[in-house]
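Trainee: Pasting a structure here, questions to come.
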Amino acid sequence: MVGARIKAMFEMKFPPLIDGHVHGLSVAGANTIPKLMDVINAKQAGIACQSDLNVTNDNPAGFVLKVRHPERFYVLAGLEHSGHLHNLESALSLSQQAHRLKEIGTDGIKLLASKPTERKRLCEPLDGPYFREFFSVCEELNLPLLWHVADPEEFWEYEKLPQWAKEKGWGYDRDFQSKEELYRETENVLRRHPRLCVVFPHVYFLSADLERAERFFSEFPNANFDLAPGIELYYNLSLSREKARDFFCRFSSRILFGTDILSCLSPGEARARAGIIYRFLTEKESFRVPEEADFLLGPPEDGIIHGLDLPEAVVKAVLQDNFRRLFGRSPEKLNVTAAREECLRLAGIEASVKSCPLEDTEGAKAEKILTQI
Ligand SMILES: [Zn+2]
């Protein structure tokens, strides 16, 4: 039985698709991403660059991917908070960073500041003064956001926390913002900036409450969801398959394919991630997480996923059309000079924060590659 499952996943053929949520992680990782995207037949992908509060962000790797594959990779750049956290002089405000990232030719911004761990560390409400001008600039410049808000509800209940999440330190006690506080801050921002275009990954962690998701979509017409696991979202939606199918059909223009594939995954793990999402959209059958799936998807014993068997037009919108509508038919062109400057700025921050030689930084490694283009 297990053998048959692995075989089915291994032989799976994906149609051409766009993966809107992929992580390059490092300049070295930028070599792996195109191969992983080939495995899942992703003709294009959105590289979501993480901010790392201890250092800067993954943007250098994103710039390298964009310059090497200008038609293939969109860059959703991360912010850096070194001015706020480390008091560094070379720091730029968030709105200055947004302007600079637009000039460099990034296609959007990845925002992680509403993930409970990051929100706690930054200690800045998203609807407060620290972020105010930044959101205005994104709205004005038409920079779409991939904005991670909250986490699965069980992360606030230690007894229900899955083992893999415990190991990542993702259980939240009272020292963290509640899920509702994070939603409140986010929705205040959306009310203030009605033209701001946002993709909320992981179904905005509302997969267990589709009525609320529907009210959210009705109130905020520029809000969208992506389907990147959180595997819990597939279990939640499977519990009310008919309701989920109806939701996907009615909001087919607002749901995007995304895998959260990391450059450190193996080709088999990448295939398993994308396969779960694609099978969920297209098949009638029920299935489990395959054995070869990565650690963050948990063991197959965790639950059963019921495919939605969606109409072809809905699947096509989710796999390709919606991403293109929000982020453009092809990626912005990288301004290499501006990207090099930014890499050097980030390299300076990294060297100073980590007390390491400049040439060992991600920024310096990327800048070297951009010089050779
Ligand atoms: Zn992600």
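The values are calculated or read from the model by the stated rules, or taken from the named source; none is laboratory data. Treat the numbers as computed from the prediction; the structure is a model and nothing was measured. Cβ coordinates were reconstructed from backbone atoms using ideal geometry, including for glycine residues, and neighbour counts include every protein chain displayed.
Trainee: I'm trying to understand the selection: among the residues of the stretch 125-140, which are buried (at least 16 other Cβ atoms within 10 Å of the Cβ) and either within 15 Å of the ligand (Cβ to nearest atom) or not in a helix (DSSP H, G or I) (or both)?
Mentor: 125, 126, 127 - these are the residues of the stretch 125-140 that are buried (at least 16 other Cβ atoms within 10 Å of the Cβ) and either within 15 Å of the ligand (Cβ to nearest atom) or not in a helix (DSSP H, G or I) (or both).
Trainee: Need the failing condition index for residue 165 against (1) assigned to a loop (DSSP other than H, G, I, E, B); (2) within 16 Å of the ligand (Cβ to nearest atom), just the number.
Mentor: Condition (1) is where residue 165 drops out.
Trainee: Run residue 195 past the list (1) charged (D, E, K, R); (2) in contact with an Asp or Glu (Cβ under 7 Å, 6 or more places away or on another chain); (3) at pLDDT below 95 and report the number of the one that doesn't hold.
Mentor: Looking at each condition in turn, residue 195 falls short on (3).
Trainee: I'd like the full set of residues that are in a helix (DSSP H, G or I) and without any contact (Cβ under 8 Å) to a residue 12 or more places away in the chain, limited to the stretch 353-364.
Mentor: Hits for the stretch 353-364 are 358, 359, 360.
Trainee: Here's something else I'd like to know. If residue 291 satisfies all but one of (1) on the phi > 0 side of the Ramachandran plot; (2) surrounded by fewer than 18 Cβ atoms within 10 Å (Cβ to Cβ), what's the number of the condition it fails?
Mentor: Result: residue 291 fails condition (1) only.
Trainee: Quickly run through the stretch 59-77 and pick out the residues that are of a type in the set (Val, Ile, Thr) and within 17 Å of residue 99 (Cα to Cα).
Mentor: The answer is 75, and nothing else.
Trainee: If you don't mind, there's one more thing I want to ask. Go through the stretch 79-133 and report how many residues are of a type in the set (A, V, I, L, M), within 15 Å of residue 349 (Cβ to Cβ) and modelled with pLDDT of 95 or more.
Mentor: 2
Trainee: Looking only at residues in the stretch 111-124 that are in a loop (DSSP other than H, G, I, E, B) and touching a strand residue (DSSP E or B) at 6+ places or on another chain (Cβ under 8 Å), which one is farthest from the ligand (Cβ to nearest atom)?
Mentor: 124
Trainee: Among the residues that make up the stretch 178-191, is at least one of them within 16 Å of the ligand (Cβ to nearest atom), out of contact with any Ser or Thr (no Cβ under 8 Å at 6 or more places or on another chain) and touching a residue at least 12 places away in the same chain (Cβ under 8 Å)?
Mentor: Taking every residue of the stretch 178-191 in turn, none turns out to be within 16 Å of the ligand (Cβ to nearest atom), out of contact with any Ser or Thr (no Cβ under 8 Å at 6 or more places or on another chain) and touching a residue at least 12 places away in the same chain (Cβ under 8 Å).
Trainee: Touching a Lys or Arg at 6+ places or on another chain (Cβ under 6 Å), in contact (Cβ under 8 Å) with a residue 40 or more places away in the chain and either of a type outside the set (S, T, N, Q) or assigned to a helix (DSSP H, G or I) (or both): which single residue out of 342, 332, 367, 350 fits that description?
Mentor: 367
Trainee: Would it be correct to say that residue 294 is within 16 Å of the ligand (Cβ to nearest atom), of a type in the set (D, E, K, R), touching a residue at least 12 places away in the same chain (Cβ under 8 Å) and closer than 20 Å to residue 224 by Cα?
Mentor: no
Trainee: Can you name every residue in the stretch 160-175 that is surrounded by fewer than 18 Cβ atoms within 10 Å (Cβ to Cβ) and at pLDDT 90 or above?
Mentor: The answer is 175, and nothing else.
Trainee: Another question about this same structure. Restricting to the stretch 303-319, count the residues that are in a helix (DSSP H, G or I), in contact (Cβ under 8 Å) with a residue 40 or more places away in the chain and surrounded by fewer than 20 Cβ atoms within 10 Å (Cβ to Cβ).
Mentor: Residues that pass the stated criteria total 1.
Trainee: Limited to the stretch 141-155, what total is found for residues that are crowded, with 20+ Cβ neighbours inside 10 Å and away from the ligand (no atom under 16 Å from the Cβ)?
Mentor: Total satisfying the criteria: 1.
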